[in-house]
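The structure appears right after this line, and notes come after that.
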Amino acid sequence: MLKKLLMSSFIATVLFSATAVGASASTYTVKSGDSLWEIGKKYGVSVKEIQSLNNKRNHLIFPGETLKLPKAVTAAEKDLMARLVHAEAKGEPYAGKVAVATVILNRVDSESFPNTINGVVHERTPHGGYQFTPVQNGQINLAADKEAMKAVEEAIAFRGQGKGSLYFYNPTKTNDQWIRTRAVTTTIGNHVFAK
C-alpha cells in the first residue's frame, strides 16, 4: 500500500513537473557571471519575458538558479530580421540598426500588425506594395553583415523595453504625409522613429 502511494506521488510529481516546464520553451541553469541580458542575447529571448515568466521584479539572478525561458526567436527569423536591418539601415549608426530591428518586434507585439516576424517583414500595403522597401526591391535577399545580426540580437534581448516605435522613415526620401503625422519617439542618424 505504501509502495503504491509513493509510486502515485512520484508519477504525479513527474507529470506536474513536465507540464510546468513544458509551458515554456526551455530552462536554463544560471552560472557564475551570468546576467539576464547575456542569457537573453544567447537564447534569443527578451529579458522582460524572462523576468515575467520567472516572477522576477529585478535583474538579480543567482548561480544554480533554474530559469524558465520563453519561446526563442528562431535562427531563420533572426536572419530575416538581420537582412532587413542591413538593407534598411546600411550606413546608419549601430543604435539605428537596433531601433529598426525593434520596430519589427514592436509590430509583432502590436494588434495592428501580423503576429509573426515573417508576417511583419512581408506585409503588403493597401496599394499592393510592401511595408518595407527592401522587400519590394529585392534588397532583402542580400546577406546581412555581422553588425546587423548583432543589432537584431540586442533588439530581441531588449524587446518590450523601448519607446514603442512602430514606424521609421527617412524624411529626405519620403513624400508620405501620413507618416509625418505619427508621434515621433526618437531620431537616430537619418531615420525618424514614430508610433
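Numerical summary
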| item | result |
| --- | --- |
| Close pairs from the range 120-145: first at negative phi, partner open to solvent by 70 Å² or more (accessible area, probe 1.4 Å) and β-branched (Val, Ile, Thr), Cβ under 8 Å, at least 6 apart | GLN139/THR133 |
| Selected residue (criterion: farthest from ALA155 (Cα to Cα)) from residues of the range 77-98 that are open to solvent by 20 Å² or more (accessible area, probe 1.4 Å) and among the aliphatic types (A, V, I, L, M) | ALA87 |
| Residues of the range 52-70 that turn out to be surrounded by 17 or more Cβ atoms within 10 Å (Cβ to Cβ) and closer than 14 Å to GLY33 by Cβ, as a count | 1 |
| When residues of the range 140-195 are limited to those that are polar (S, T, N, Q), open to solvent by 40 Å² or more (accessible area, probe 1.4 Å) and outside any strand (DSSP E or B), the one modelled with the highest pLDDT | ASN141 |
| All positions within the range 118-131 that are modelled with pLDDT under 95 and touching a helix residue (DSSP H, G or I) at 6+ places or on another chain (Cβ under 8 Å) | GLY129, TYR130, GLN131 |
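Here's the yes/no breakdown for (1) closer than 14 Å to GLY160 by Cα; (2) in contact (Cβ under 8 Å) with a residue 60 or more places away in the chain; (3) not in a loop (DSSP other than H, G, I, E, B):
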| site | (1), (2), (3) |
| --- | --- |
| GLY40 | yes, yes, yes |
| LYS68 | no, no, yes |
| ALA72 | no, no, no |
| LYS97 | no, no, yes |
| SER112 | no, no, no |
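The values are calculated or read from the model by the stated rules, or taken from the named source; none is laboratory data. What you see is a predicted model; the values in this text were computed from it and never measured. Methodologically, a virtual Cβ is constructed for each residue, glycine included, from the backbone with ideal geometry; neighbour enumeration extends over all protein chains shown. Ligands, DNA and RNA are stripped out before the accessible areas are found, and what is left, the full protein with its side chains, is counted by its heavy atoms. Shrake-Rupley method; radii C 1.70, N 1.55, O 1.52, S 1.80 Å.
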